[in-house]
Amino acid sequence: MVPTRSLNPSTSRKTNVSKPEELRVVLVEPGQYAREAEIDNTLEAKQAVVGGVIDAIYPWKDDAVALIFNDAGKVIPLEPNRALPEYEDIVFGAFFICGDDGENFCSLTDRQVQRYLERFRQPEIIFDTPAGIVAMPCGPDQYARFIQAARGDGGGEPPARRNRPTR
């Protein structure tokens with residue numbers, strides 16, 4: 001798991017006021033349920049969460065949020081995490097959703113936290129088919145068994161590279 005501080009829902013702030021040094025985010029890790037977390041608002045902390053150089057996309061035009069992920073997640077390769085039908089693509093490795101104020105990343109509002117916890121709640125087993133990407137919601141145990149079986153090596157490290165990048 002990545003180094004973050006989980007927020008206890010019973011003590012979570014009721015407003016979007018976070019210390020400027022921290023960001024309130026929704027953290028999504030492969031094979032795990034999405035969770036609310038706080039991360040330090042530094043480049044180093046963001047890179048630690050995703051396991052490398054960060055990149056940002058803005059898949060939801062109706063919401064001022066960014067999806068922050070590992071720029072090299074597909075080529076390293078990291079484990080497949082969640083499908084993004086908005087891009088007809090897959091996010092590999094851990095990622096997080098944070099607010100975007102137009103110039104900087106910022107904390108999510110309560111509404112945004114709820115929206116993205118719901119959107120990314122379930123881990124997904126992802127298939128790339130000729131008809132497109134298919135994502136099947138599952139539990140963490142099912143995900144772990146699938147990844148182990150897909151590797152065919154008893155759960156060792158993933159292969160050094162993919163023969164064909166996904167989309």
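So residue 31 clears everything in (1) more than 11 Å from the chain's Cα centre (by Cα); (2) more than 10 Å from residue 96 (Cα to Cα) except one condition, right? Which one?
(1)
Count, please, the residues in the stretch 89-108 that happen to be modelled with pLDDT of 95 or more, of a type in the set (D, E, K, R) and closer than 20 Å to residue 78 by Cβ.
Final tally of qualifying residues: 0.
For residue 91, indicate whether it is part of a strand (DSSP E or B), surrounded by 17 or more Cβ atoms within 10 Å (Cβ to Cβ) and β-branched (Val, Ile, Thr).
Yes; evaluated as a whole, the condition is true for this residue.
Got a sec? Which of 75, 50, 65 is over 12 Å from residue 95 (Cα atoms), hydrophobic (A, V, I, L, M, F, W, C) and surrounded by 21 or more Cβ atoms within 10 Å (Cβ to Cβ)?
Answer to the selection: 65.
With the requirement that a residue be outside any loop (DSSP other than H, G, I, E, B), more than 16 Å from residue 106 (Cα to Cα), in contact (Cβ under 8 Å) with a residue 60 or more places away in the chain and of a type outside the set (Lys, Arg), what does the stretch 22-79 give you?
Result: 28, single match.
Among 121, 111, which is the only one that is part of a loop (DSSP other than H, G, I, E, B) and at pLDDT 95 or above?
None of the other options fit; the residue is 121.
The values are calculated or read from the model by the stated rules, or taken from the named source; none is laboratory data. None of these values were measured; they are calculated from a predicted model. Virtual Cβ from ideal backbone geometry, glycine too; neighbours counted across all protein chains shown.
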